[in-house]
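To keep things clear, I will list the structure first and then write my remarks on it.
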Amino acid sequence: MKLALRVLFLFVSMAHAAENKGFVVDGIVYVSITSHVLSLSSAAVVLKEMPSALLMRDGMFIRQDLVKDSAAKVQSPPLVRAENLATIVAAGDIIFSPRLLELYPGDSLKRIFDGIRPLVSSADFAFANLEGCVSERGKQRDKEFTFRAPPAVVQIISAAGFDGVNLANNHAGDYGKDALLDTIAYAKKAGLVALGAGKDNDDAWRSVFVSAGDLSVALNGFCDTPPGCFGAGWMRPGVAMLTDSWRKRVKALSQGHKDTVGIRVATVHWGVEKEFEPTDQQTEKGKFLLNSGFDAVIAHHPHRVQGIEVVGGKVIAYSLGNFAHTKGGDWADRTFLLSLRASSRGLVDGRVIPVKINSGMPQIASGQEAETILKRVRELSRKLGTAIDESGHFWIAQPYRVN
C-alpha cells in the first residue's frame, strides 16, 4: 500500500508536469491537482491547502505539525511560481572614509566594486547603506568620525549595479543639512533611490515604491542609533528615526497602497557596534515592523555580521556588517550580501553570499574564507531558530501547517 501511494503520486505529478501545469524552482517540481497543491522533493511529499497538513516520508503519511524534526519543517519546500520570482540584493555599510579615498585616488576609485558588480547587477533591485555625506558643502560636526565624499561616488555605486541607498544612519548629517540635501540630490541624479532621509520628517518617512521585475516593492529607511542620527523634524532636513511616535507612523505606512504593493522592505541602522548578536531592542523593534506590515527588515551599523531570523514567512537580517570599508581584522572585513527572492505572494527564500573586504574593496569570498563567513552566519542564525544550509540557502515562505 505504501509503495502504491508513492507511485500514484509520482505518476500524477509527472503527468501534470508534462502537461505544462507544473513548474520548477531549484530542482523542486511543483504540480497543481485541482484545488490542491502537491510539492515534490527527494526528501518528502507535502500536501498543501488540505484540511490537514500531511507529510509523507518513507511512504508513510503523518501530520506535519507532529513532526519533531524542526529542520525537516524548515526545509519542506513552500509553494512558489518560478516565473513570478523577483530578486532583491542588499549590502551593508559603504563608507567612503578619508583612508579609502586616499587608497584609491582619482579614477582608481571606480574599480572598488569590480569584485561584486556581476552579482549585484543581476538583481532586479539592489541597495546598500551609504554612510556619510556626498557633497562639497557643509561644516564638519563635532564628532569622533565624520565622512564626506565627492559627488562622483554615487555614480560609482550606481555603476556597480545598485539601485538605491539608505541614508538613514548616524553619519547622514556629518556636515549639516545642506550636505544632506546635496546627498539626496546627487543620489537621485545618479539614478539611485534615496531611502530614509528628506527635507523634513514627512519626506524622510515617505515610502519609496520601485519595481523589482514585475513585483512592486515599497521601501523605507530608518535610523535607531540616537543621539548620533541627524533626525528630521518639522521643516528640518534629516533622517527618519525610530523614536518618539514612530510606532504610530509605522502602522500608518502599512495602511497605504495595500492592493498595489507586493512586499514591503525596511532597512534599519541600529544595534551595538562590534557585537555579533542583536540586542533585545533590535528584536523587539524588528518584530514590531514585521507585525506592522513589513515583509523584510534588513539592517546594519554594528560593523559585524549578525544572524538572520525567519518569523512567520517574513525575515529580519539583524546586521549585514560592513561592505566597503578600510577597517580590517576582528570580522570588520568579513561580511555578506543578502539575496532574497519574492513573488506577489510574499518572500520565498534567501541566500547568504559571503564577501571578503580587501583593502576596502568587497570581493565575493571563496574557499576557506567563504566557509568561515558562512559558518559564523549559520551559527548566529541557528540561535535565532533559522536553518541555513551549507550553500547559504534558507526558506522564508512557510510550509502549510495545521494549528
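The values are calculated or read from the model by the stated rules, or taken from the named source; none is laboratory data. If you're wondering where the values come from, they're calculated on a predicted model, not measured in any experiment. Don't worry about glycine lacking a Cβ; one is built from the backbone with ideal geometry, like all the others, and counts go over all protein chains shown.
Odds and ends about this structure:
- Subset of the stretch 343-373 that is polar (S, T, N, Q) and either in contact with a Lys or Arg (Cβ under 6 Å, 6 or more places away or on another chain) or assigned to a strand (DSSP E or B) (or both) - its residue that is nearest to H303 (Cα to Cα): N358
- Looking at E277, E284, just one residue is more than 26 Å from D142 (Cα to Cα), assigned by TED's automatic domain parsing to the domain that holds F162, touching a residue at least 40 places away in the same chain (Cβ under 8 Å) and not basic (K, R), and that residue is E277.
Condition check ((1) surrounded by fewer than 22 Cβ atoms within 10 Å (Cβ to Cβ); (2) under 28 Å from the mean Cα position of the chain (by Cα)) across all residues:
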site: A128; (1), (2): no, yes
site: K139; (1), (2): yes, no
site: F145; (1), (2): yes, yes
site: A159; (1), (2): yes, yes
site: F162; (1), (2): no, yes
site: N169; (1), (2): no, yes
site: Y175; (1), (2): no, no
site: D178; (1), (2): yes, no
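- Tabulated pairs, the stretch 178-190, first in the same structural domain as A168 (by TED's automatic domain parsing), second surrounded by fewer than 20 Cβ atoms within 10 Å (Cβ to Cβ) and outside any helix (DSSP H, G or I), C-beta under 7 angstrom, 6+ apart or interchain: D178/R137; A179/R137; L181/K199; D182/R137; Y186/P151
- Residue selected from the stretch 195-217 under the condition touching a strand residue (DSSP E or B) at 6+ places or on another chain (Cβ under 6 Å) and in a strand (DSSP E or B), by the criterion farthest from T260 (Cα to Cα): A197
Each row is one residue, and each column tells you yes or no for (1) closer than 15 Å to N169 by Cα; (2) at pLDDT below 95.
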site: L101; (1), (2): no, yes
site: P105; (1), (2): no, yes
site: V120; (1), (2): no, no
site: D124; (1), (2): no, no
site: G132; (1), (2): yes, yes
site: Q140; (1), (2): no, yes
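- With respect to being in a loop (DSSP other than H, G, I, E, B) and either in contact (Cβ under 8 Å) with a residue 24 or more places away in the chain or under 26 Å from S121 (Cα atoms) (or both), E309 falls outside the description.
- Unique residue being more than 12 Å from D93 (Cβ to Cβ) and surrounded by 19 or more Cβ atoms within 10 Å (Cβ to Cβ) when the list is W270, W331: W270
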